[in-house]
Amino acid sequence: MTFAKTRLVSPSARGSIMTDNGPAHDTALSMLPVNPRDFLILFSLVDGERHGYGVLKHVSEESEGRVRLDPANLYRSLKRLMKDGLVAETEKRPASDLDEKRRRYYGLTELGTQVVAAEATRLSKLADAARSRNLVTEPAIVHESEKSR
């Protein structure tokens, strides 16, 4: 099976993407809302490329173990996200002594970065609305890495 080559966006180039209100931005908005599983997969790729197992681990860690994707669903979702132009398989690989040759690495495309940012913004606004109506009764979950700050 062959997938179209799609240009990936480096993590350092992602800061100002949502300020563009051109056609790509409109396309990203038209893809909302994003399925929660797809959002977690896209979110796991925001900081850079990962292999499938790395995506599974990241989703589990970020959700504090509340969400566990099984490999079959992950790869089915990745295949669809690639078809939609949100994710691309990368050719960049770590040093051979640090990696298995069988692993495939995935990264966000420019459109994928715009979609995950737009969905995060949408979810943030929804959470703000829930807080304003006193629907959120417990403090936000604080990630372990943020507790020491």
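The values are calculated or read from the model by the stated rules, or taken from the named source; none is laboratory data. Remember, predicted model here, so these are calculated numbers, not experimental data. FYI the Cβ positions are ideal-geometry reconstructions off the backbone, even for glycines, and counts take in every protein chain you see.
Within segment 110-136, residues that are acidic (Asp, Glu) sit with their Cβ atoms under 8 Å from residues that are in a loop (DSSP other than H, G, I, E, B), at 6+ positions apart or across chains, in these pairs: Glu110/Arg7; Glu110/Val9; Glu119/Leu32; Glu119/Pro33; Glu119/Val34. Only residues in segment 37-64 that are over 19 Å from Glu119 (Cβ atoms) count as the first member; pair them with residues that are part of a strand (DSSP E or B), Cβ under 6 angstrom, at least 6 apart or cross-chain, and list the lot. Pairs found: Glu49/Thr90; Glu49/Tyr105; Glu49/Gly107; His51/Tyr105. The set of residues in segment 130-147 that are surrounded by fewer than 10 Cβ atoms within 10 Å (Cβ to Cβ), at pLDDT 90 or above and assigned to a helix (DSSP H, G or I) contains only Ser132. Scanning segment 76-92 for residues that are surrounded by fewer than 15 Cβ atoms within 10 Å (Cβ to Cβ) and part of a helix (DSSP H, G or I) yields Arg76, Lys79, Arg80, Lys83. Taken across segment 33-40, residues that are in contact with a helix residue (DSSP H, G or I) (Cβ under 6 Å, 6 or more places away or on another chain), in a loop (DSSP other than H, G, I, E, B) and hydrophobic (A, V, I, L, M, F, W, C) do occur, with at least one present.
How about segment 50-72: which of its residues are of a type outside the set (A, V, I, L, M) and either touching a Pro at 6+ places or on another chain (Cβ under 6 Å) or surrounded by 12 or more Cβ atoms within 10 Å (Cβ to Cβ) (or both)? Please lay out each step first, then the result.
Kept after step one, since they are of a type outside the set (A, V, I, L, M), are these residues of segment 50-72: 50-54, 57-58, 60-66, 68, 70-71.
Those that are of a type outside the set (A, V, I, L, M) and either touching a Pro at 6+ places or on another chain (Cβ under 6 Å) or surrounded by 12 or more Cβ atoms within 10 Å (Cβ to Cβ) (or both): Arg50, His51, Gly52, Tyr53, Gly54, Lys57, His58, Ser60, Glu61, Glu62, Ser63.
Matching residues to (1) farther than 23 Å from Glu91 by Cα; (2) at pLDDT 60 or above:
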{"site": "Asn21", "(1), (2)": "yes, no"}
{"site": "Ala24", "(1), (2)": "yes, yes"}
{"site": "Val34", "(1), (2)": "yes, yes"}
{"site": "Lys57", "(1), (2)": "no, yes"}
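Screening Arg102 on (1) at pLDDT below 95; (2) in a helix (DSSP H, G or I) shows it passes everything except condition (2).
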